[in-house]
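Working notes for the structure below.
The values are calculated or read from the model by the stated rules, or taken from the named source; none is laboratory data. Nothing here was measured: the structure is a model prediction, and the numbers come from that model. Positions of Cβ are generated from backbone atoms using ideal geometry, with glycine treated the same way; all protein chains shown enter the neighbour counts.
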Amino acid sequence: MRAQNQVDRCAVCDCDTVYVQKDFNRTLGIGIFLGGAVISLVLYGFDLIWWAFGVLLACAMVDGLLYRLLPDVTICYKCHAQYRRVTSRAENQPFELGLAEKFDPLDKGPAAENPAAEWHGR
Ligand SMILES: [Zn+2]
């Protein structure tokens with residue numbers, strides 16, 4: 001992990017499978033979406049159709065701007081440890097549901113990497 005400030009293994013659980021996503025507060029994202037939708041509907045109700053579309057366009061632009069400006073965070077599939085301000089690594093890809101299911105704590109199958117019996121919560 002410390003070599004070149006890249007995450008190749010989780011420092012907490014030693015798992016070698018991590019993913020990368022934008023470091024964005026989900027509550028804020030949902031708030032922007034809901035706020036824009038409600039304001040747009042109210043404006044539409046008052047027959048201010050172009051203003052309603054303008055609000056939706058502004059929300060989309062804010063979303064796009066945040067996506068470009070915000071840094072990435074690297075997250076461990078197994079223990080959900082988060083690593084910020086690390087150098088990107090080609091092997092660390094975006095979230096994959098198939099990989100996440102492999103580490104699902106509710107998976108009680110013998111092939112599970114993280115069976116429920118070993119799960120101690122986050
Ligand atoms: Zn981990």
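Check R68 against each of (1) of a type in the set (K, R); (2) without any contact (Cβ under 8 Å) to a residue 60 or more places away in the chain; (3) surrounded by 12 or more Cβ atoms within 10 Å (Cβ to Cβ) and name the one condition it does not meet. Just one mismatch for R68, condition (3). Is it the case that region 94-110 has a residue that's modelled with pLDDT of 90 or more, within 16 Å of the ligand (Cβ to nearest atom) and either under 17 Å from D23 (Cβ atoms) or touching a helix residue (DSSP H, G or I) at 6+ places or on another chain (Cβ under 7 Å) (or both)? Within region 94-110, one or more residues are modelled with pLDDT of 90 or more, within 16 Å of the ligand (Cβ to nearest atom) and either under 17 Å from D23 (Cβ atoms) or touching a helix residue (DSSP H, G or I) at 6+ places or on another chain (Cβ under 7 Å) (or both).
Of all residues in region 1-11, which are in contact with a strand residue (DSSP E or B) (Cβ under 7 Å, 6 or more places away or on another chain) and either farther than 21 Å from K78 by Cβ or within 9 Å of the ligand (Cβ to nearest atom) (or both)?
At the first step, the residues of region 1-11 found to be in contact with a strand residue (DSSP E or B) (Cβ under 7 Å, 6 or more places away or on another chain) are 7, 10.
Once the filter is applied, which keeps residues that are in contact with a strand residue (DSSP E or B) (Cβ under 7 Å, 6 or more places away or on another chain) and either farther than 21 Å from K78 by Cβ or within 9 Å of the ligand (Cβ to nearest atom) (or both), region 1-11 yields only C10.
Of the residues making up region 18-30, those that are out of contact with any Leu (no Cβ under 6 Å at 6 or more places or on another chain) and assigned to a loop (DSSP other than H, G, I, E, B) number 1. Of the listed requirements (1) within 16 Å of the ligand (Cβ to nearest atom); (2) touching a helix residue (DSSP H, G or I) at 6+ places or on another chain (Cβ under 6 Å), H80 misses just one: (2). For beta carbons closer than 7 Å, sequence separation of 6+ or different chains, a first residue in region 1-17 that is farther than 18 Å from R85 by Cβ and a second that is aliphatic (A, V, I, L, M) and modelled with pLDDT under 90, the qualifying pairs are T17/L99.
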